[in-house]
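Note sheet for the following structure.
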Ligand code: HEC
């Protein structure tokens, strides 16, 4: 195989691998979000004690969710969210934040 063809097929392999990885993270987030739907709505538009998560930025979502996990953020109903976030890893919270920001 000519070096240029080899380089090209390696690049294609890399791109395909990356795409598969990205969509895997997305579907994991979608699965994690199943637990949130009841309270926040399928598209995040349902208010919870005045909070609507639809339209929040990735940074703000990650910051608030990590805050619930670490006990450094929250309003009067934070206990609900602390129990939701407590069992998630920081990586899972990050992919959830990216997923919810796409609503
Ligand atoms: C049992 C209902 C319930 C479930 C399930 C739930 N939430 Fe919440 N969520 C709330 C309530 C109530 C608040 C406001 C809590 C407070 O007083 O700080 C909130 C707040 C939030 C906030 C902060 C909003 C802001 O403006 O500060 C985010 C982000 C959030 N939830 C995301 C999620 C995600 C993602 C899930 C799923 C893993 C989830 N929630 C599951 C009820 C719920």
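Residues in the stretch 67-82 include none that are more than 7 Å from the ligand (Cβ to nearest atom) and under 14 Å from the mean Cα position of the chain (by Cα). For residues in the stretch 85-97 being within 11 Å of the ligand (Cβ to nearest atom) and over 10 Å from residue 32 (Cβ atoms), which is nearest to the chain's Cα centre (by Cα)? The qualifying residue nearest to the chain's Cα centre (by Cα) is 97. Selection over the stretch 50-62 of residues that are more than 9 Å from the ligand (Cβ to nearest atom) and either farther than 16 Å from residue 37 by Cα or in contact with a strand residue (DSSP E or B) (Cβ under 8 Å, 6 or more places away or on another chain) (or both) gives a count of 3.
Residues in the stretch 65-74 include at least one that is within 20 Å of residue 103 (Cα to Cα) and at pLDDT 95 or above.
Do the conditions hold for residue 95, that is, is it assigned to a helix (DSSP H, G or I) and surrounded by fewer than 14 Cβ atoms within 10 Å (Cβ to Cβ)? No; evaluated as a whole, the condition is false for this residue.
The values are calculated or read from the model by the stated rules, or taken from the named source; none is laboratory data. Please read these numbers as outputs of a predicted model, since none were measured by experiment. Because the Cβ atoms are built from the backbone with ideal geometry, glycine has one as well, and the counts that use them run over all protein chains shown.
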